[in-house]
Amino acid sequence: MDATSVETHHEPHGHDAAHEHHELGWWRKYIFSTDHKVIGIQYGITGLLFLLIGFSLMMLMRWQLAYPGQALPVIGKWLPHIFGPGSMPDGKMTPDFYNSLGAMHGTIMIFLGVVPLAFAAFGNFVVPLQIGAPDMTFPKVNMASYWALFVGASIMVTSFFVPGGAAKSGWTSYVPLAAISDTGQGYNPIFNGQTLWLIGFIFLITSSLLGAINFITTIIQLRAKGLTWMRLPFFVWAQFVTAFLLVLAFPPLEAAIVMQLMDRVAHTSFFMPSGLVVNGTPLSISGGGSPLLWQHLFWFLGHPEVYVLILPAFGIVAEILANNSRKPLWGYKSLVFSVLVIGFLSFIVWAHHMWMTGMGSAVSAFFQTTTLLISIPSVIILSAFFISLWGGSIRFNVPMLFTIAFLPMFGIGGLTGIPLAFNSADLYLHDTYYIIAHFHYIVAPGTIFGLFAGIYYWFPKATGRKMNEFWGKVHFWPTLVCMNVIFLPMFLQGMAGMHRRWYDGGQGWNVANEHTIWGLTGFQWNHPISWAAWIMGLAQIPFIINFFWSIKHGEKVNDNPWEATTLEWTAPSPPPHGNFLTPPVAYRGPYEYSLPGRERDYTMQNEPVEPAERSRRKPAAEPVLVSH
């Protein structure tokens, strides 16, 4: 595309802005960029990198679970050189290192993997294009949010290499353990795993808050002419609600993290009760704090957080379902209202993570009720997606395969959560592998499948080239099979009583071993699970190669390769600075597929409504009185 068309697009903004844009150097254009597309791609690459790192930590843990106390072959002898001598002496994992891997796997996957990819990367890249905006409302705040994430991520990664290694108190960082771990002899007062975890987290929260404020403002202020609220693509609605969840839920946790940091470095007692005895000696602190307060503040973010993980995936799935079934999304308004109800209810269910804290029956009755209520809009959304498939002429391309797989996988994850809503059932299942199976079905074959679908789907918009279909399928099928081999047996392990945090996989505990399930004891199931996890790791290699190879060598496609209807497909691929050659105008809803009497089976949002359509749409049921 030549420079003159960019000039003319910038006409309304004045010539200075256009000239300034052309003089940007490489650093300002690709590293410290304020363009939402570059920032979206930065977030995306960062998120994918940390998903790989987080998954690698888990693959190490799976060795210890399947073969406890045995030396890890090949790479085992190198790991102490990376993570320090206390991690894997002679290639055998220490309990402390196992705890570090567990805490950091959870932290990295959620806050450095899925949130940057699902919310920030797809939101930044796709939302302004879908609403017909030239950029985000606050481009510099957008850049600041990415670099805050970068700083937080760097601190988290650094924590692996300080004396004593990374944080070991679980991804939830429960006090009093988190307040006293990594302290004392051999630990630096600041440069220790747990303190760095808290400091890094402050930057991650700041990043999310800056991003969320930007999204809310952009979606409210910068929609194209004619793009009313009920004409927004469902993906934009999902991102809009997600941004509100982050803005409202993260500040209490940020305050709590500062307080936990003070408990560690300034010896305050926000969360430290009186009378603590550690290793036989009473702790010299003022006391009087409440460990339960930390749990409340943490889960007040932690529960909206799981909807932060799933809502963007719902949005991606909606776009791809409508596009590949070639029919309008079923029940658009019920989808929108469901996602708004989820947003509201997600703030009043958090204590269902805390049934073990001995709350009274009135409080637990309230939280059990709200937890069951929030399953209703989720079921409405899932049902609408299934109905959208009915009667469609479905195209089974790679984005659609991941999307279709998302539906039953998310369904399993959601339905298995219902027993946990009851404190009586949860007393037994709490902190077992059942919990791990339940929420991983939602975030792994659920959310991450949605994200893979989105990457394959919007890749042509970002690069002008398609990813390879064959290798996409080679990526999809083993990943789908292995996901289920990994997580389905964990339900069985959990019901057999296997605890989720034991570093030897619970082999020392007889309940999980006294009866067999499908021929294996609870502990023996760790073998097939671990092998499936390692095979699934290999199955990601085709994706990684396909992703980077296709940037330069993929099949070249036009601006709308999937024949979709929403506004982002009216922009050039890849979109120039400012996105659109002429500001788009929306005349219709987002999913006008297979309209009767049309030559093509898709009608884009910027195509004006023809008079013939109007008469077909609204048959006059009775004469309408018109007053002059």
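The values are calculated or read from the model by the stated rules, or taken from the named source; none is laboratory data. Computed from a predicted model, the values in this text were never measured in an experiment. Counting neighbours? That spans all protein chains shown, and the Cβs are built from the backbone with ideal geometry, glycine included. Accessible surface areas use protein heavy atoms only, side chains included; no ligands, DNA or RNA. Shrake-Rupley method; radii C 1.70, N 1.55, O 1.52, S 1.80 Å.
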| task | List every residue pair whose Cβ atoms lie under 6 Å apart, where the two residues are 6 or more positions apart in sequence or sit on different chains, the first residue falls within region 75-92 and is farther than 13 Å from residue 57 by Cα, and the second residue, located anywhere, is basic (Lys, Arg) and part of a loop (DSSP other than H, G, I, E, B). | result | 91/77
| message | Looking for something among the aliphatic types (A, V, I, L, M) and surrounded by fewer than 18 Cβ atoms within 10 Å (Cβ to Cβ) - is there at least one such residue anywhere in region 62-73? | response | yes
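What tally of residues in region 317-337 results from selecting those that are of a type in the set (Ser, Thr, Tyr) and crowded, with 23+ Cβ neighbours inside 10 Å? Full working, then the answer.
Within region 317-337, the subset of a type in the set (Ser, Thr, Tyr) is 325, 332, 334.
When the remaining residues are screened for being crowded, with 23+ Cβ neighbours inside 10 Å, the result is 325.
Going through region 317-337 one residue at a time, the tally reaches 1.
Can we say residue 382 is under 30 Å from residue 482 (Cα atoms) and either touching a residue at least 60 places away in the same chain (Cβ under 8 Å) or not hydroxyl-bearing (Ser, Thr, Tyr) (or both)? Reasoning before the result, please.
Values: under 30 Å from residue 482 (Cα atoms): yes; either touching a residue at least 60 places away in the same chain (Cβ under 8 Å) or not hydroxyl-bearing (Ser, Thr, Tyr) (or both): yes.
Criteria met by residue 382.
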| request: Answer yes if at least one residue in region 66-75 is at positive phi and either outside the structural domain of residue 548 (by TED's automatic domain parsing) or touching a Gly at 6+ places or on another chain (Cβ under 9 Å) (or both), and no otherwise. | output: yes
| request: Kindly indicate whether any position in region 263-270 is of a type in the set (Gly, Ala, Ser), open to solvent by less than 20 Å² (accessible area, probe 1.4 Å) and out of contact with any helix residue (DSSP H, G or I) (no Cβ under 7 Å at 6 or more places or on another chain). | output: no
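Of all residues in region 281-293, how many are of a type in the set (Gly, Ala, Ser) and open to solvent by 30 Å² or more (accessible area, probe 1.4 Å)?
Here is the first cut: in region 281-293, the residues of a type in the set (Gly, Ala, Ser) are 284, 286-290.
Then keep just the ones that are open to solvent by 30 Å² or more (accessible area, probe 1.4 Å); that gives 284, 286, 288, 290.
Total satisfying the criteria: 4.
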| field | Qualifying positions in region 161-177 - in contact with a helix residue (DSSP H, G or I) (Cβ under 6 Å, 6 or more places away or on another chain) and part of a helix (DSSP H, G or I) | value | none
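Answer with yes or no whether residue 121 is more than 23 Å from residue 310 (Cβ to Cβ) and among the small types (Gly, Ala, Ser). Quick ask: steps written out before the conclusion?
Values: more than 23 Å from residue 310 (Cβ to Cβ): no; among the small types (Gly, Ala, Ser): yes.
So residue 121 fails the test.
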| field | Subset of region 182-208 (residues that are closer than 27 Å to residue 304 by Cβ and open to solvent by less than 30 Å² (accessible area, probe 1.4 Å)) | value | 193, 194, 195, 196, 197, 198, 200, 201, 204, 205, 207, 208
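Could you tell me whether residue 555 is open to solvent by 70 Å² or more (accessible area, probe 1.4 Å) and of a type outside the set (Phe, Trp, Tyr)? Can you show your working first?
Working: open to solvent by 70 Å² or more (accessible area, probe 1.4 Å): yes; of a type outside the set (Phe, Trp, Tyr): yes.
Judged against the criteria, residue 555 is a match.
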| Does at least one position in region 546-569 carry a residue that is hydroxyl-bearing (Ser, Thr, Tyr) and touching an Asp or Glu at 6+ places or on another chain (Cβ under 8 Å)? | yes
| remark: Exception for residue 598 within (1) farther than 19 Å from residue 327 by Cα; (2) surrounded by fewer than 16 Cβ atoms within 10 Å (Cβ to Cβ) falls at (1)
| request: Check off (1) under 22 Å from residue 370 (Cβ atoms); (2) of a type in the set (Phe, Trp, Tyr); (3) without any contact (Cβ under 8 Å) to a residue 40 or more places away in the chain for residue 434 and give me the number that stays unchecked. | output: (3)
| query | Which of the residues that make up region 521-532 are farther than 10 Å from residue 489 by Cα and either in a loop (DSSP other than H, G, I, E, B) or hydrophobic (A, V, I, L, M, F, W, C) (or both)? | reply | 523, 524, 531, 532
| Test set (1) open to solvent by 50 Å² or more (accessible area, probe 1.4 Å); (2) over 27 Å from residue 61 (Cβ atoms); (3) within 21 Å of the chain's Cα centre (by Cα) - residue 150 fails condition number | (2)
| remark: The residue that is farthest from residue 605 (Cα to Cα), considering only those in region 338-353 that are open to solvent by 30 Å² or more (accessible area, probe 1.4 Å) and touching a Pro at 6+ places or on another chain (Cβ under 7 Å), is 347
| task | Can you run down the residue pairs with Cβ atoms below 7 Å, 6 or more apart or on separate chains, where the first is in region 351-374 and without any contact (Cβ under 8 Å) to a residue 40 or more places away in the chain and the partner is hydroxyl-bearing (Ser, Thr, Tyr)? | result | 374/346
| query | If we scan region 294-316, do we find a residue that is over 18 Å from the mean Cα position of the chain (by Cα), farther than 15 Å from residue 245 by Cα and open to solvent by 10 Å² or more (accessible area, probe 1.4 Å)? | reply | yes
